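Shown next, in structure tokens, is the structure this report addresses.
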Amino acid sequence: MDKKEFLEKLKKNISVLEEREIEDIISEYEQHIDMRIAKGLSEEEAIADFGDIDELCTQILEAYSVDSQDSAGNGTEPHPADEADDEPDYEKLKAEGKKAAKKAARQAKTVAGESAQRIGDFVRSNFSRLSEAVKRPFKKKRPERGTSDKESFENNETGGNLRSAGIFAGVRNGIKGIFRICIDISVWCVKLAWNFFWIMTAFVSGIFALFSVFGLGLMAVLLFQGYPVAGIGLMSLGGALAFGAFTVLCTIFMVKMKRNRGGKAA
Amino acid sequence: MNSQFKKGVLELIVLESVRDRDMYGYELVEEVSKVIDVNEGTIYPLLKRLTNERYFETYLRESTEGPPRKYYHITAAGILYRDSLEKEWNEFSEKVSLFLKERRDG
């Protein structure tokens, strides 16, 4: 019997199984024979190692819990492999159920873990953004102020050098330097105030939003206890949404402002 | 060796072989053949049955020569099953050898 014959006979004998399974089995046996041949055996020898083909097919079908006697009679009727397992084998069913439950639990755990991590990442990234926004006025302005200080110092020096040419020029330069520092400081203060204003606005409206949510919860409880607080509850809901939205708006505005400035600086 | 003996421990040997490293069918047959002289044809149905009972998971991986190979990977349930088989086997073989020893000495 050569390889082709063997595989065809095998295919015929296990034709009760699903198409996919048959292909799977055939390919596996084919690979085995090919590797045997590659090792130096002849086709006949490789196939002879499988023993009696009918016995082999019986074993394969047994593995699928299909009765080979039954399947030999009506080979055309497709018997899905799992159907044969449907006998009331309660132990097995119980085990399967447990396994499925465990699997589901495992999946749920991974999903929960992932989402928790995602939320964590989100909060962390936003928090760092916010904290940057808070730090911004102090961080960003410092180097600028440093350079302007240096500049004015240089101006003063040049003013000193020019003293022989005329005190006027020196004084003028000195005044210019001081004036520039004043402008810088005032600009910085204005920027600080501006940032501070937005941060405070966001902060206050955030607090209001939290209070509204708290009120909403309170009203919901009271409502369930029968108090006529539907109106106030709705108002709390509206407040929570409005203040929440405003907080988000302010935050986005600040972040955008920072981005724009960063773009200009670069 | 008695074929009935082989049949019983074949599962244990197959599960043990795959425990450390995923293997494809032919590799596994060779591994098992080192331990016991077994009809190669019987191992594939066994692998199928163990897979159907969720003791194995299978996946395909490309090979440098020929078509992709189907690899067998032992599951947690498979490891538990292997342990229980090993325990059974040890108890069984101990009992049998104790019995034989008693007969010989007595």
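What follows is calculated from the coordinates using simple rules that are stated; it is not laboratory data. Since this is a predicted model, take the numbers as computed values, not measurements. FYI the Cβ positions are ideal-geometry reconstructions off the backbone, even for glycines, and counts take in every protein chain you see.
Data table
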read-out: Cross-link table A:K4/B:K7; B:K34/B:K95; B:K7/B:K48; A:K12/B:K48; A:K4/B:K34, entries beyond 20 Å C-alpha to C-alpha; value: A:K4/B:K7; B:K34/B:K95; A:K4/B:K34
read-out: Shielding by partners, peptide A:190-196 (average Cβ within 10 angstrom, other chains); value: 0
read-out: Virtual spin-label span in nm between A:A242 and A:I207, 7 Å along Cα→Cβ; value: 1.9
read-out: Highest to lowest packing among A:190-198, B:93-101, A:48-56, scored as the average C-beta count within 10 Å; value: A:48-56, A:190-198, B:93-101
read-out: Averaged over B:51-63, number of beta-carbon atoms from partner chains that fall within 10 Å; value: 2
read-out: Counted charge near B:T42, where neighbours are those whose Cβ lies closer than 10 Å (Asp, Glu -1; Lys, Arg +1); value: 0
read-out: Shielding score for B:43-50, defined as the mean number of other chain Cβ atoms within 10 Å; value: 6
read-out: Burial ranking of peptide ranges A:227-234, B:20-27 (average Cβ count within 10 Å, highest at the top); value: B:20-27, A:227-234
read-out: Gain on full stretching of the segment that runs from B:R54 to B:L98 - 0.36 nm per residue minus C-alpha separation; value: 12.3 nm
read-out: Estimated vicinal HN-Hα couplings, Hz - the range B:53-69 in sequence order (Karplus 6.51, -1.76, 1.60; Gly, Pro = x); value: 8, 6, 8, 10, 10, 10, 8, 9, 9, 4, 10, 5, 10, x, x, x, 9
read-out: Stretch gain in nm, segment A:K12-A:V221, where the contour uses 0.36 nm per residue and the Cα spacing is subtracted; value: 68.2 nm
read-out: Theoretical FRET efficiency, 1/(1+(r/R0)^6), r = Cβ-Cβ of A:N260 and A:I181, R0 30 Å, to 0.05; value: 0.70
